[in-house]
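The values are calculated or read from the model by the stated rules, or taken from the named source; none is laboratory data. What you see is a predicted model, and the numbers here were worked out from it, not measured in a lab. For neighbour counting, all protein chains shown are included, and Cβ atoms are generated from backbone atoms with ideal geometry for every residue, glycine included.
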Amino acid sequence: MKYLSILAFALVFSFHGKTQKIQACDSVPALNRELLNVLKPYVGQKVLRGECWDVVSLALNETHAKWNGYDVFGIPYDYKKECISPGDVIAFKGVKFGGVQNGMKYFEEMEKHFAVVKEVRPNGELVLLQQNTGRFGKKLGESSIFIGDLKKGKMEFFRPER
């Protein structure tokens, strides 16, 4: 009975809401690798004014990627039908996430927010590079979202292009 209780505890506290499988791309495009390399030295530091948008604009401008300077960060795609790659950009609009991470319930809202994908994990977890958050303030940090924990709103994914 003791082992059954431990197993039940482990299952409850490792649950991340509704798991949604996502497809990671087989390889990372060269431009996406460049974009991540631009951001790497800034982790833990403030990028430009410290706004979330500044992370994306710096990376796209430094790599000479095409974008409209406002809200189209490359080629848009449907993450439910296509693979996600590190270095892709996500625009969050009216998003609410909720679930359990590391044994703790969490709730996160992003009315209008931008981030860069650092890593794609097959369990629906995306590791993001972002700033202007409650966790990191105006400094660039790394945190995760679980796509299956999306409760409301829209996420737009973009693949950088030249």
Run residue 144 past the list (1) more than 16 Å from residue 43 (Cβ to Cβ); (2) modelled with pLDDT under 95; (3) under 9 Å from the mean Cα position of the chain (by Cα) and report the number of the one that doesn't hold.
(1)
Taking helices (runs of 4 or more DSSP H) that do not extend beyond region 1-115, which have at least 3 residues that are at pLDDT below 95 and exposed (fewer than 15 other Cβ atoms within 10 Å of the Cβ)?
2-14
Free of Cβ contacts under 8 Å to residues at least 40 places away in the same chain and closer than 20 Å to residue 48 by Cα: is that true of residue 132 in this structure?
no
Counted residues in region 36-56 being within 16 Å of the chain's Cα centre (by Cα) and of a type outside the set (D, E, K, R) come to 7
Search region 47-62 for residues that are over 17 Å from residue 111 (Cα atoms) and pair each with any residue that is of a type in the set (Asp, Glu) and assigned to a helix (DSSP H, G or I) when their beta-carbon atoms are under 7 Å apart and the residues are at least 6 apart or on different chains.
47/54; 48/54
For region 135-149, how many residues are in contact (Cβ under 8 Å) with a residue 60 or more places away in the chain, under 11 Å from residue 99 (Cβ atoms) and assigned to a strand (DSSP E or B)?
1
